[in-house]
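Derivation of every value follows stated rules applied to the coordinates shown; laboratory data play no part. Since the structure is predicted, the reported quantities are computational estimates derived from the model, not experimental observations. Using ideal geometry, Cβ is built from the backbone for each residue, glycine included, and neighbour counts are taken over all protein chains shown.
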Amino acid sequence: GGGGAVGDAYTASQNGKGEVLTTYVSAQITGPMINKTEGTYKVLTPIANLAMDEYTLGVLSSSPYTDLDTFLKAAKDNPGKITVGGSGKGTEDELVTGLLAQHADVTFEYVSFNSSAEVMSSVLGGHIDSGIFNPNECISQVNAGEVRLLGAFGPERISMLPDVATFKEAGFDEVIFQQFRGVFGPPEMPDGAVDYWVDVLQKVVETERWKTEYLEENGLTARFMSGDEYVSFLEEEANKYEETLRSIGAVE
């Protein structure tokens with residue numbers, strides 16, 4: 001609940017326990033930045049990252065935006081008029097919208113919805129110009145020819161959407177984003193417990209079932225990190241998020 005805030009608050013209250021875990025994604029870093037709460041990711045104990053989730057920008061196939069160039073030209077010609085739908089305020093959807101706006105030198109109107117299903121319904125109904133989607137949120141509509149994807153935010157093309165070019169390929173080298181999906185523990189989690197869970201999670205991500213039934217079916221990218229590598233990654237991501245959110249006025 002609350003973009004992860006409920007789970008984070010509970011986990012933060014379980015100081016020193018080795019049997020309490022919470023899943024953790026990028027929005028759990030951006031939420032406290034926007035809401036100015038004390039429950040930042042630094043309160044908890046990072047254990048491991050399991051995978052990276054991809055993001056795409058999609059429009060209705062019958063829309064006038066036949067490619068990224070026509071979409072960005074419309075945004076330049078109509079500052080703040082082109083709408084981009086996303087699930088939630090201050091989430092990854094708003095973050096990637098801001099990232100593209102920042103580096104393409106355009107202004108969008110970000111429209112917040114309660115779920116990605118609502119975003120898709122609004123795109124299909126022609127109520128908004130575009131939407132932000134994870135691959136598994138749009139693959140059916142793409143395959144049915146109802147939605148056209150203008151670009152992917154990852155550093156490389158998505159395995160289940162090989163024909164969709166990245167924004168980096170389009171010349172926007174800084175428009176790169178993947179949602180990390182990891183696991184955290186409570187504050188002051190014992191080192192022995194951290195090591196135990198790192199070992200368990202490492203075994204999980206090496207199974208064929210994980211690779212086929214989770215990564216491949218949902219269009220995620222494998223990336224396991226733990227220890228100092230994970231901590232450094234989180235610090236770099238947090239700095240990037242804050243810079244982007246400041247650029248679009250989401251944080252002061």
Output row, site K73, 7 Å Cα→C-beta label point, backbone N cut-off 19 Å, window segment 127-166, residues 129-130, 148-151
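For the chain, what is the convex hull volume of the alpha-carbon atoms per residue, in Å³?
Values: hull volume 29.4 nm³, N = 252.
Cα-based convex hull of the chain, divided per residue, equals 117 Å³.
Work out how much length R246 to K211 would gain on full extension: take 0.36 nm times their residue separation and subtract the Cα-Cα distance, in nm to one decimal. Spell out each step's value before the answer.
Working: separation 35, 0.36 × 35 = 12.60 nm, distance 3.64 nm.
Answer, rounded to one decimal: 9.0 nm.
Below 11 angstrom from the Cβ of T244, what's the summed charge of the other residues (Lys, Arg +1; Asp, Glu -1)?
On the way: positive: K240, R246; negative: E92, E94, E174, E237, E242, E243.
Its environment carries a net charge of -4.
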Expected unfolding gain across E146-D195 under the 0.36 nm per residue rule, minus the alpha-carbon gap, is 13.0 nm
Taking a straight Cα-to-Cα line shorter than 16 Å from K211, and setting aside same-chain lysines fewer than 8 residues away, one finds K203
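Quick check: residue separation of K42 and S13 times 0.36 nm, minus the Cα distance between them. What number comes out in nm? Let's see the in-between values first.
On the way: separation 29, 0.36 × 29 = 10.44 nm, distance 1.39 nm.
Once the chain is fully extended between K42 and S13, it gains 9.1 nm.
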